[in-house]
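So the structure is just underneath, and the comments pick up after that.
The values are calculated or read from the model by the stated rules, or taken from the named source; none is laboratory data. Every value quoted in this text rests on a predicted model; they were computed, and no experiment measured them. Backbone-built Cβ (ideal geometry, glycine too); neighbour counts: all protein chains shown. Only protein heavy atoms, including side chains, enter the accessible area calculation; ligands, DNA and RNA are left aside. Shrake-Rupley method; radii C 1.70, N 1.55, O 1.52, S 1.80 Å.
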Amino acid sequence: MTEIVVPQAVEPRVSNLKASTELRSERIRSAWVFLAPTLLILAIVAGWPLFRTIYFSFTNASLNDLGNAQFVGFGNYLSWVTLKSGRTVYRGLLADPVWWNAVWNTAKFTFLSVTIETMLGLIVALVLNAQFVGRGIVRAAILIPWAIPTIVSAKMWAWMLNDQFGILNDVLLGFGLISEKIAWTANPETAMIAVLIVDVWKTTPFMALLILAGLQMVPGDIYEAAKIDGVNPIKVFWRLTLPLIRPAIMVAVIFRMLDAMRIFDLIYVLTPNNAQTKTMSVMARENLFDFDKFAYGATASTVLFLIIASVTILYIWLGRVRLGGEER
């Protein structure tokens with residue numbers, strides 16, 4: 001007679017599920033405990049000033065008398081007066097041609113700088129990802145421009161771009177590329193080019209670093225298989241490498257775009273009082289402190305914040321980007 005073997009009993013799945021849920025809840029509580037100090041500091045350092053800035057944009061506040069600011073509604077944003085002649089005069093930030101010129105300068109700078117830096121950063125990252133002697137030293141050296149403070153970089157390049165004793169003009173004259181010295185930062189036609197040159201030099205290493213991190217995550221077995229199959233290297237890049245590092249590139253672009261849209265220090269130092277390079281941040285600062293139009297400057301800062309937030313949300317939604325480096 002055959003003996004029937006009864007399988008050994010296992011723990012009920014309900015108990016495992018309950019233990020897993022409790023462990024997850026404990027991890028979430030621990031995460032909030034560790035995040036609480038950081039969130040508190042952010043609320044004090046960033047949240048409160050942002051709230052005050054938005055509040056002052058609805059008042060007639062002056063830098064010398066912030067305490068007696070009176071509520072004026074949306075007057076700083078847009079208001080209008082109809083004259084006896086029937087003509088309507090519009091006032092406020094949204095009717096200010098200087099503001100829209102600053103918006104255009106910011107958009108142009110952001111698009112050109114981010115595009116150029118992304119392409120150059122990708123090339124640099126591909127080079128640094130290859131195997132060659134001294135790769136570690138090159139990787140460290142490439143970060144030097146990014147590590148230099150922006151103010152220092154701007155002053156250094158201001159000397160090199162000077163029309164009288166700048167080295168850039170001497171080099172271009174020596175090669176016969178120009179016939180006379182160019183006032184790079186003073187000439188309206190070359191001021192934006194000068195700013196782009198400095199920004200690309202400084203920030204390309206940042207883009208290369210983020211893209212290189214994405215390249216490091218690509219399995220080497222894929223390239224070995226493609227090499228065995230005799231796939232063209234260019235085809236490997238377009239069909240394998242680029243799709244695999246796309247999430248890293250998207251994250252790098254959003255970080256760089258946020259930084260470019262609020263650029264202030266480089267332009268303020270390199271091309272001060274130049275209408276061809278004045279950005280939204282520069283205009284906001286001028287009204288806040290130089291022109292004693294604090295409420296107007298707060299309005300510009302608020303609109304800048306709304307523009308950056310809207311563009312970021314739209315970019316993340318359309319690009320299906322997760323800041324963890326994954327696609328949705």
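Some notes on this structure:
- The combined condition, being surrounded by fewer than 18 Cβ atoms within 10 Å (Cβ to Cβ) and of a type outside the set (A, V, I, L, M), is not fulfilled by Gly214.
- Among residues of the range 283-310, those that are touching a residue at least 40 places away in the same chain (Cβ under 8 Å) and either polar (S, T, N, Q) or under 17 Å from Leu112 (Cβ atoms) (or both), counted: 3
- Number of residues in the range 223-242 that are open to solvent by less than 50 Å² (accessible area, probe 1.4 Å) and under 17 Å from Ala125 (Cβ atoms) equals 4.
- Per-region count, the range 75-100, residues under 22 Å from Val282 (Cα atoms) and either of a type in the set (Lys, Arg) or open to solvent by 60 Å² or more (accessible area, probe 1.4 Å) (or both): 6
- Filter result (farther than 24 Å from Ser79 by Cα, open to solvent by 50 Å² or more (accessible area, probe 1.4 Å) and at pLDDT below 90) within the range 46-66: Ala46, Asn64
- Residues in the range 156-188 that are exposed (fewer than 13 other Cβ atoms within 10 Å of the Cβ) and either in contact (Cβ under 8 Å) with a residue 24 or more places away in the chain or among the small types (Gly, Ala, Ser) (or both) were compared, and the one that is nearest to Leu270 (Cα to Cα) is Pro188.
- Against the test of being open to solvent by less than 60 Å² (accessible area, probe 1.4 Å), modelled with pLDDT of 95 or more and within 29 Å of Lys181 (Cα to Cα), the options Thr115, Thr150 yield a single qualifying residue, Thr115.
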